[in-house]
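The values are calculated or read from the model by the stated rules, or taken from the named source; none is laboratory data. Remember, predicted model here, so these are calculated numbers, not experimental data. All Cβ positions, glycine included, derive from the backbone under ideal geometry; neighbour counts span all protein chains shown.
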Amino acid sequence: MRAIISRLLHTESSLPRLYTVAFSRNGRLLSTDSNKVDEPLKVQEAETVDVPPPPTEKLLVLGGNGFVGSHVCQEALNRGLSVSSLSRSGRSSVHDSWANSVVWHQGNLLSSDSLKDSLNGVTAVISCVGGFGSNSYMYKINGTANINAIRSAAEQGVKRFVYISAADFGLVNYLLQGYYEGKRAAETELLTRFPYGGVILRPGFIHGTRQVGSMKLPLGVIGAPLEMILQHAKPLDRVPLVGPLFIPPVNVTSVAKVAVRAATDPVFPPGIIDVYGIQRYSQQK
Ligand SMILES: NC(=O)c1ccc[n+]([C@@H]2O[C@H](COP(=O)([O-])OP(=O)(O)OC[C@H]3O[C@@H](n4cnc5c(N)ncnc54)[C@H](OP(=O)(O)O)[C@@H]3O)[C@@H](O)[C@H]2O)c1
């Protein structure tokens, strides 16, 4: 806690006067200088504190049997969290030993109330639910399904919710309209329902090892070299029309690491984290 307070106090080198800062019970900052309420204490991007989360943290991963979700589950288990997952098929194709430490729930986020039981005692949720298909299907799976989850989690008093969304890809957005409209609708719901504990990750292409049936597909063979090259080409992603194609891919373990940290670190800033933010946070100890 001392480390967190000291980080927050070292944000503006030239604060006009010394504020006395206290924490309220819900963790928000209160200024006790009653004469000066019009100069908000500016907090720069929080440098998160890498301490293991308390054992009471209970994480629910939506889509924990998918590509990103299975890496999120492993990262959370490595950090000592109690982990459960919900998806339509439950544990399904995951046969690795780490999967024995996850509590697997079966449920469809498109049907109301399917989440209620699995949210019992949960302190944070990470949603890795999304997919492709017809425009109306993509809207439902990326939008409606996640909106249902965000609402249920807020109603059950979950503290933090992380949503794996997707980067803007310019023209591609138009071609995959349902996908992007669904993503943005879920993002809006998250920022409304979780103004202090809602975090949106917007990766581009995610590479790593993807389980397809009994096969492991090494997507990193293409993704890793591309990531190396494109991470130095940031100005190019602002070029009209083709710019978004230069968004660097990101490793699935980086996405998982940042997602778990965002779900458990009380000073992780709420809001949208783009690809470069994901790379930056994943490199922090
Ligand atoms: N992979 C990428 O390159 C990439 C890039 C940018 C963003 N993203 C985003 O990252 C997220 C995860 O992607 P991914 O590649 O890991 O996808 P994935 O492997 O297809 O995983 C999707 C997960 O969602 C679950 N799911 C789907 N519909 C559901 C429903 N109605 N109710 C409950 N669970 C449901 C699936 O399990 P069941 O089938 O068993 O239900 C699965 O576990 C998605 O939102 C995706 O849009 C991915």
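Looking at the range 65-80, which of its residues are more than 6 Å from the ligand (Cβ to nearest atom) and either part of a helix (DSSP H, G or I) or under 15 Å from GLY131 (Cβ atoms) (or both)?
If the condition is that a residue be more than 6 Å from the ligand (Cβ to nearest atom) and either part of a helix (DSSP H, G or I) or under 15 Å from GLY131 (Cβ atoms) (or both), then SER70, HIS71, VAL72, CYS73, GLN74, GLU75, ALA76, LEU77, ASN78 are the ones that fit.
Which of the residues that make up the range 178-219 are of a type in the set (Gly, Ala, Ser) and within 11 Å of the ligand (Cβ to nearest atom)?
GLY182, ALA186, GLY204, GLY208
Within the range 81-91, can you find the residues that are at pLDDT 95 or above, in a loop (DSSP other than H, G, I, E, B) and more than 7 Å from the ligand (Cβ to nearest atom)?
Passing the criteria: only LEU81.
Answer yes or no as to whether GLY143 is crowded, with 19+ Cβ neighbours inside 10 Å and either in a loop (DSSP other than H, G, I, E, B) or not assigned by TED's automatic domain parsing to the domain that holds VAL162 (or both).
no
Tell me whether the range 116-128 contains one or more residues that are near the ligand (Cβ under 9 Å from one of its atoms), in contact with a Gly (Cβ under 7 Å, 6 or more places away or on another chain) and hydrophobic (A, V, I, L, M, F, W, C).
Yes: the range 116-128 contains one or more residues that are near the ligand (Cβ under 9 Å from one of its atoms), in contact with a Gly (Cβ under 7 Å, 6 or more places away or on another chain) and hydrophobic (A, V, I, L, M, F, W, C).
Can you work out which of the residues in the range 155-177 that are part of a helix (DSSP H, G or I) and within 13 Å of the ligand (Cβ to nearest atom) is nearest to ASP113 (Cα to Cα)?
The qualifying residue nearest to ASP113 (Cα to Cα) is ASN173.
I'd like to know if the range 137-148 contains one or more residues that are within 8 Å of the ligand (Cβ to nearest atom) and without any contact (Cβ under 8 Å) to a residue 40 or more places away in the chain.
Looking for residues that are within 8 Å of the ligand (Cβ to nearest atom) and without any contact (Cβ under 8 Å) to a residue 40 or more places away in the chain, one finds at least one in the range 137-148, hence yes.
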